[in-house]
1. In region 97-232, what % of DSSP beta bridges are antiparallel (nearest 5)?
2. Among 212, 83, 138, which one shows the biggest mean-square fluctuation in a GNM of the chain, springs joining Cα atoms closer than 10 Å?
3. Please report 194, 202 as a ranked list, fewest other C-beta atoms within 10 angstrom at the top and most at the bottom.
4. Just to be sure I understand: of the beta bridges DSSP finds with both ends in the chain, what percent are antiparallel, rounded to 5?
5. Compute the signed sum of charges (Lys and Arg +1, Asp and Glu -1) over the other residues within less than 10 Å, Cβ to Cβ, of residue 201.
6. Decide, for region 166-214, between rounded, prolate and oblate: order the square roots of the alpha carbon gyration tensor eigenvalues as a ≥ b ≥ c, take rounded if a/c falls under 1.5, and otherwise choose prolate if a/b is larger than b/c, else oblate.
7. With a ≥ b ≥ c the root eigenvalues of the C-alpha gyration tensor of region 80-183, is it rounded (a/c under 1.5), prolate (a/b larger than b/c) or oblate?
8. If you find the alpha carbon centre of region 106-148 and of region 156-232, how far apart are they in angstrom?
Amino acid sequence: MARTQTHELSTLYTAYRGIMKDTYIHKGKRKKLLETLQQKGISDLKVLQAMNVVPRHWFMDSSFLDHAYTDKAFPIAADQTISQPYTVAHQTALLACFSGAKVLEIGTGSGYQSAVLVALGVELYTIERQNELFKKTSLFLPKMGFRPKKMIFGDGYKGFPEKAPYDGIIVTAGAPFVPKALLEQLAVGARLVIPIGEGTQIMTVFKRVSASKFEKMEYGECRFVPLLAQKN
Ligand code: SAH
């Protein structure tokens with residue numbers, strides 16, 4: 001049984017490696033996409049550089065490969081989505097994290113946002129509640145060369161207190177309210193970047209200015225899949 005499983009995984013991996021190419025055509029399309037993001041107001045060069053080294057087409061289902069470098073969200077497994085590149089760039093810039101910072105991500109999903117954070121040089125902890133996605137992404141992301149410090153199967157509403165406090169926390173699903181645990185796990189000076197609302201959300205940043213004080217900033221409307229309670 002164990003042997004069959006190992007065999008299946010290695011077959012899957014070999015098949016996957018077949019499409020894990022990053023040709024000059026992909027690189028050209030990626031450059032164009034980054035120019036579009038700059039035109040839409042993304043000016044953080046470190047974020048743009050990180051996105052330039054992550055081949056987004058590696059994170060998409062085969063039926064959407066042609067769309068990997070359009071500025072749109074697309075379906076992945078388990079009724080979830082890979083975030084729109086603009087959103088990834090915007091959230092990453094709002095996080096304002098330095099290389100070596102300890103960051104917690106809620107909603108690993110395809111692992112695309114995780115890879116961008118790893119490419120930025122952060123020490124990443126990332127949580128996914130959906131088992132199918134967790135298994136798939138925790139297998140492939142390290143194989144692609146983007147290694148989070150730890151990938152956790154769990155409920156992001158609770159954060160990951162074992163490694164708190166964090167220099168930044170990013171939530172990539174729409175939260176009906178701000179989870180208290182996430183505010184508690186922020187270091188002083190750090191930011192929580194979280195879309196808040198049901199249906200549509202407001203991109204919101206909470207900056208911890210002291211042990212008991214938070215500054216709240218809002219950055220306009222956005223639309224995410226919902227942050228759901230408990231593992232599945
Ligand atoms: N960053 C991802 C976005 C995926 S969509 C990407 O770029 O692909 C949001 C993800 O959040 C989904 O995978 C969903 O399963 C996950 N999610 C929703 N509620 C969650 C929770 N409470 N804890 C952890 N992950 C959650």
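1. 40 percent
2. With Cα springs under 10 Å in the chain, the top fluctuation among 212, 83, 138 is at 212.
3. 202, 194
4. Of all bridge pairs located within the chain, approximately 45 percent are antiparallel.
5. Spelling it out: positives minus negatives among the neighbours equals -1.
6. prolate
7. rounded
8. 18 Å
Every number in this text was worked out from the coordinates using simple rules, so none of it is lab data. Quick caveat, the model's predicted, so the values are computed rather than measured. Methodologically, a virtual Cβ is constructed for each residue, glycine included, from the backbone with ideal geometry; neighbour enumeration extends over all protein chains shown.
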